[in-house]
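Asks: Starting off with a structure, shown below.
Here, each number is a calculation from the coordinates, and none is a lab measurement. The shown structure was predicted, so the numbers you read here are calculated from the model rather than taken from an experiment. A quick note on method: Cβ atoms are made from the backbone with ideal geometry, for glycine too, and the neighbour counts reach across all protein chains shown.
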Amino acid sequence: MTTTVAPAAPSAAPTFVVSGSPLSFGGLLRSEWIKLRTVRSTIWSYATVVVISLGLALLMSSTLNLDGVQVSPSEEANWIIQVSTFGILFGQLVVAVLGVLSISGEYSTGMVRSSLTAVPRRLPVLAAKAIVLFVCTYVVGLISVVGSYLVAAPIMAGKEISVSLTDPDLFLPLLSAALYLALVAVFALGLGTILRSSAGGIAAALGVILLLPSVLTLIPATWAFDLLPYLLSNAGTASFSQGGELEQWQSILIVLGWVAVSLAGAAVLLKRRDA
């Protein structure tokens, strides 16, 4: 006698059940903050900016020779600004590299796929990265320029140049210098998103900041000379310096224009391309 055994019914495929609430923008900000602060290069980059700024302020203020130079009270703030913001010229290169690496590193490791899977609309990821990078870099820039002032002020006072930190002629340019540093980082973030390559993004960012002004300076044409105030680095330094061709607020708008173009290109390509 034989027994017929009915075949076992195939097991149902596991069903993915979405649990929990969608990732909010606040959660995105926390996620990007964790990514940024847990990367060792971030700590080293920001520490380099602060150390370079303080060191250059100490070097410049201690070696500045004003013997025989009559500095009027209206020019004292300008001298202090130059000494306190001298490190920004080098710090901008460091934060530009950091801005590129903050997104290109995710492309090189493949982490960006997880980020974009969690946020299919994609643009909130870019916005959260830009906000976190901007705020962190602005705070570091503010620490750098205020710290540079505190280092240089006693030395400059010995040379009969003294300006209070609460003087708007000094404090506002220091705020502008920190703002420019933060905007450079966001500009580089946009380039890194467009190129999706660390080497390419860093080369493009440093090319815009360093190489482009040098090239235009060497071109013996009026149009090249007229373009100089509208370059990113020239407008940025003019935003916290005195004596520029444009008003300081106009220079800030020019820098914002560079950042807007970079982020707009990054947003379009981030939406259209595969991760």
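Asks: Charges only on Cβ, +1 for Lys and Arg, -1 for Asp and Glu: so what's the dipole of the chain about the Cα centre, in debye to the nearest 20?
Replies: So the dipole magnitude of the chain works out to roughly 1620 debye.
Asks: According to the square roots a ≥ b ≥ c of the eigenvalues of the Cα gyration tensor, what is the shape class of the range 206-269, taking rounded for a/c under 1.5, prolate for a/b larger than b/c otherwise, and oblate for the remainder?
Replies: The shape class here is oblate.
Asks: Mean Kyte-Doolittle hydropathy of 1.6 or higher plus an axial Cα length of 20 Å or more: which whole DSSP H helices in the chain meet both? Walk me through the numbers before you get to the answer.
Replies: Values: long enough: 40-63 (34 Å, 1.21); 88-109 (31 Å, 1.50); 123-157 (50 Å, 2.04); 168-195 (40 Å, 1.97); 248-272 (37 Å, 1.30).
Answer set is 123-157, 168-195.
Asks: Rounded, prolate or oblate: which fits the chain, taking a ≥ b ≥ c as square roots of the Cα gyration tensor eigenvalues, rounded meaning a/c under 1.5, else prolate when a/b beats b/c?
Replies: prolate
Asks: Would you mind calculating the relative contact order of the chain from Cα pairs under 8 angstrom and at least 6 residues apart, reporting the percent as a whole number?
Replies: Result for the chain is 23 percent.
Asks: Choose one of Thr117, Leu172, Leu36: the residue whose Cα lies farthest towards the positive end of the charge dipole of the chain (beta-carbon charges +1 Lys, Arg; -1 Asp, Glu; about the Cα centre).
Replies: Checked the options; the winner is Thr117.
Asks: Let me ask another. Counting only C-alpha contacts under 8 Å and six or more residues apart, can you give the relative contact order of the range 39-108 as a whole percent? List each step's numbers first, then the result.
Replies: Values: 34 pairs, mean separation 37.5, N = 70.
Relative CO of the range 39-108 lands at 54 percent.
Asks: Rounded, prolate or oblate: pick one for the range 128-272, where a ≥ b ≥ c are the square roots of the eigenvalues of its C-alpha gyration tensor, a/c under 1.5 means rounded, and failing that, prolate if a/b is larger than b/c, else oblate.
Replies: Cα axes put the range 128-272 in the oblate bin.
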